[in-house]
Amino acid sequence: MSTRNHDTPESSLVRPLLEAGGLWLLIVLSGVLLIAGLLDHWRQQELQALERAQFELTLLEVQGELEADLSLGRELEYNPRIQGLLLSRLHNDAQLYSLEVLDPDGRALFSTDRGTIGELLPPEALAAARQGAALRRPWNASIGATPAMGIDIRTPFGETAGHASATYASRAAGPLSSRIQTRPLLFALLATALGGMAAIWLATLAQRRLQRTQRSGRMAQIEARLAATGQRLDEGSERLDAVERIE
């Protein structure tokens, strides 16, 4: 008894095309997501650089005025105009949370947030401040979840007299604003693409097995028919031989 194959030639051609099209669509979508993630990351980095340049200008203004006072013999700790200077700069920029003047050990001498006067910088921020002073360049750190940056203040002899620092609200704080967050996201997108391709492969696995089984069944049917035909030929040949012997 023969089995009937319900697959038409058209469906046999369309099904592989659909599978290949699905794979390519998944690859294209994954590529678009990766490119979008990278572009957003670069945009966030540019925005962050612009913000830091803006706050650096404010800190440079504070640094210039305080270093001028130091050259006149006014020590940071006893300079009465520092608090007013910090408050005026704070009111000029709505993104600033606070401005501080610190001693060389990172202790707040003056601050627009009076509750922090006398407090030390957190260890990571203090290490960044000391490294920035050693390299004579602005430093960046995080105090909790708040970004901070600062710049050293020097005496006329080039010694570090203290630091001017600022905490601010960053508009660049997004899901792709740091390398630590971006790398896992990119790996997640790549894993999604690979997982999708694996899912398509697994989803079509049973169908491919069925097709192999059907092909094997058709081959078995052909072999059985050939064997039956050969047997009939042999029987016919034997009958002819028998007739010839009778004659």
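The values are calculated or read from the model by the stated rules, or taken from the named source; none is laboratory data. Computed from a predicted structure; not experimentally measured. Using ideal geometry, Cβ is built from the backbone for each residue, glycine included, and neighbour counts are taken over all protein chains shown.
Okay, residues lined up against (1) of a type outside the set (Ser, Thr, Tyr); (2) surrounded by 12 or more Cβ atoms within 10 Å (Cβ to Cβ); (3) within 16 Å of TYR168 (Cβ to Cβ):
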position	(1), (2), (3)
VAL28	yes, no, no
ARG43	yes, yes, no
VAL62	yes, yes, yes
GLU67	yes, yes, no
TYR78	no, no, no
LEU90	yes, yes, yes
ALA94	yes, no, yes
PHE110	yes, yes, no
*Among the residues of segment 80-90, is any among the charged types (D, E, K, R), at pLDDT 90 or above, more than 20 Å from ALA161 (Cα to Cα) and in contact with a helix residue (DSSP H, G or I) (Cβ under 9 Å, 6 or more places away or on another chain)?*
yes
*Given the structure, is LEU70 modelled with pLDDT of 90 or more and under 13 Å from GLY162 (Cβ atoms)?*
yes
*asked:* Condition (residue is closer than 21 Å to LEU50 by Cβ, of a type outside the set (Gly, Ala, Ser) and touching a residue at least 12 places away in the same chain (Cβ under 8 Å)) applied to segment 98-118: is it met by at least one residue?
replied: yes
*For residues in segment 97-123 being β-branched (Val, Ile, Thr) and not in a loop (DSSP other than H, G, I, E, B), which is modelled with the lowest pLDDT?*
THR116
*Determine if segment 135-151 includes at least one residue that is in a helix (DSSP H, G or I), exposed (fewer than 11 other Cβ atoms within 10 Å of the Cβ) and modelled with pLDDT of 75 or more.*
yes
_On the basis of being more than 20 Å from LEU47 (Cα to Cα), surrounded by 16 or more Cβ atoms within 10 Å (Cβ to Cβ), at pLDDT 90 or above and of a type in the set (Gly, Ala, Ser), does ALA166 make the cut?_
no
